[in-house]
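The values are calculated or read from the model by the stated rules, or taken from the named source; none is laboratory data. Just so we're clear, the structure is a prediction, and the values are computed from it rather than from any experiment. Note: ideal-geometry Cβ built from the backbone for every residue, glycine included; neighbour counts use all protein chains shown. All accessible areas refer to the heavy atoms of the entire protein, side chains included, with ligands and DNA or RNA removed. Shrake-Rupley method; radii C 1.70, N 1.55, O 1.52, S 1.80 Å.
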Amino acid sequence: MRFKSILIFIILYSIQSNSQIVEEKKNFRAADSLLKENSFSVHRDNYFLTGIPLNEPITRNSADVKYQVSFKLRLNSKPLWGGFFPYLMYTQKAFWDIYASSKPFSEINFNPGVAIVRPFYLKGGRLTYGTISLEHESNGRDSIYSRTWNMLAFSLKSQVSPRWTVGIRGWIPIVDKEDNPGLTKYVGYGEASATYQIQPGRWSADVLFRKGSGLINYGSLQTQINWRPYKNENYYLTLQWFVGYTESLIDYQEHKSMLRLGFTIKPEGMGIF
């Protein structure tokens, strides 16, 4: 709890407009980065990937398709008190056993939420988003197959250089421990992300690290390489590797290692988190 309190304090302190590391004269201009997007836009990556396991035999039941649909809606074209913009968000991630005989969906995760986003510039002209969000995630099932949790999250995401974008996100999990024993141990209390433009407009690399509450045994790492075949089109050919826990909620206690290939549509900007 002490670590979570310190993390939340740092994030909240950092997004105050009178902080010494913030360029106050550019705060209003930072809002242009949100307003130039359509009010309805891509939130997280939208993708359709197929892949195979690396830590177990490859069969029709272990290979699958993973796809994600994610969007956000900005509710106001003018900032609220404090310079925050309100958003509605929705992400749906599915795991489809397309190679199995009956082609069932092994899992569909639903992740709606609301957020307020504060754009500002750090010293040196580094565009940054501070976000506070309240989110729900579940697989929409009942009985022993129900997986659900809620979070109050705080994040900072910053374009620290023309090629590097980094982010840190912490949350307070709210979990029904009777239906989901030990889930908090696997989803953890925070994550860190980074994107590097290998060849701007063509090649990029993403890393997302989530730390579970265990010392070394829990958490996950997702890395991917993205190639944009046409500069005027916002879709990529993506090679993704996931290793760790909680890729899906139904099997959150199982360690996975999956290599996948497919197509991705990314946010036009750097994304709010």
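Summary table
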| quantity | calculated |
| --- | --- |
| Inter-label distance, nm, simple model (7 Å from Cα along the C-beta direction), Asn150/Lys103 | 3.8 |
| Relative pair counts by distance (%), Cα atoms of region 95-216, 10 Å bins | 11, 30, 31, 21, 6, 0 |
| The chain: calculated mean residue ellipticity at 222 nm from DSSP helix runs of at least 4, using -39500 (n - 2.57) | -2500 deg cm²/dmol |
| Rounded percent of accessible protein surface that carbon and sulfur make up, region 147-253, 1.4 Å probe | 58 |
| Evaluated over the chain, the Cα radius of gyration and Dmax, each in Å | 18.9, 61 |
| Å² per residue, accessible surface of region 176-273 at 1.4 Å | 51 |
| Exposure rule at most 13 other beta-carbon atoms within 10 Å, DSSP loop trypsin sites (Lys or Arg not before Pro): the chain longest free segment | 61-122 |
| Range in the chain, longest, excluding exposed GluC sites (Glu not before Pro) [loop by DSSP; at most 13 other beta-carbon atoms within 10 Å] | 1-177 |
| Rounded D (µm²/s) - region 25-182, Kirkwood Rh over Cα pairs, Stokes-Einstein at 10 °C, 1.306 mPa s | 88 |
| Proximal lysines to Lys93, defined as alpha-carbon separation beneath 25 angstrom and excluding residues fewer than eight positions away on the same chain | Lys66, Lys72, Lys103, Lys157, Lys177, Lys185, Lys211, Lys256, Lys266 |
| Sulfur and carbon atoms: percent of accessible area, region 54-121 [1.4 Å] | 64 |
